[in-house]
């Protein structure tokens with residue numbers, strides 16, 4: 001049976017939900033944040049400064065990195081969730097929950113959360129060799145390549161939207177070639193656009209504040225702000241992933257099987 005279930009207890013407006021992934025959202029405190037002297041990451045390369053995480057550097061559980069203006073803090077929590085907070089308010093998270101995970105800025109340009117040898121979250125920017133993560137004064141997290149061009153920000157999800165994850169304005173799901181993106185508009189319509197301006201597909205939904213989620217039961221659903229279902233893919237393969245393909249199609253993938261295409 002197709003399930004369009006309430007996500008009231010799993011989805012939070014705006015951040016849309018550390019709880020959906022089983023991760024608790026915490027903020028730096030003496031109990032779990034590294035002392036000020038340890039906010040610089042210990043690696044074989046120079047320690048980060050000025051809100052920067054450079055190639056080869058990482059944040060271990062309990063360590064954090066602050067913006068220059070000291071307003072925004074990126075914390076690698078002990079529960080395995082990397083969270084950006086303003087004061088004590090979470091505004092972005094990887095929504096990962098593998099304890100003892102670390103946030104690593106890899107030399108190949110991919111920002112990853114790693115548990116042991118397992119990558120549990122990635123920015124999807126491998127190939128941008130030498131990229132640097134910047135915790136900016138404007139509340140954004142941005143990866144810049146060696147030419148100082150932005151290749152990723154916290155408003156971007158690359159290629160795959162995993163089970164339990166949410167798309168809400170202004171976050172968008174991008175294809176690997178950056179030509180296409182699926183975005184939740186302020187008017188409640190989920191739209192796939194080409195080069196950021198030409199719409200090629202939409203859910204034709206209208207409800208201010210709506211959001212979309214790739215449910216753990218395999219169904220991709222657009223909900224109103226009041227969590228009323230407005231549209232659904234009507235798919236049932238538990239654990240499926242939503243993918244923004246390079247041909248402009250949204251697809252739901254289960255293993256190697258395509259179960260739905262826009």
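The values are calculated or read from the model by the stated rules, or taken from the named source; none is laboratory data. This is a predicted model, so every value here is computed, not measured. With ideal geometry, Cβ positions are generated from the backbone for all residues, glycine too; neighbour counts draw on all protein chains shown.
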ask   = So which residues in the stretch 76-88 are in a strand (DSSP E or B) and farther than 14 Å from residue 139 by Cα?
value = 76, 82
query = Inside the stretch 89-120, can you point out the residues that are over 18 Å from residue 140 (Cβ atoms) and assigned to a strand (DSSP E or B)?
reply = 102, 104, 112, 113, 114, 115, 118, 119, 120
task = Please find, among 95, 105, the residue that is more than 15 Å from the chain's Cα centre (by Cα), buried (at least 21 other Cβ atoms within 10 Å of the Cβ) and closer than 26 Å to residue 175 by Cβ.
result = 105
ask   = Cβ-Cβ below 9 Å, separation at least six or inter-chain, first residue in the stretch 226-253 and on the phi > 0 side of the Ramachandran plot, second modelled with pLDDT under 95 and surrounded by fewer than 16 Cβ atoms within 10 Å (Cβ to Cβ): which pairs?
value = 227/6; 227/8; 234/2; 239/255
note = The residue that is farthest from residue 200 (Cα to Cα), considering only those in the stretch 137-185 that are touching a residue at least 40 places away in the same chain (Cβ under 8 Å), over 14 Å from the mean Cα position of the chain (by Cα) and not in a strand (DSSP E or B), is 137
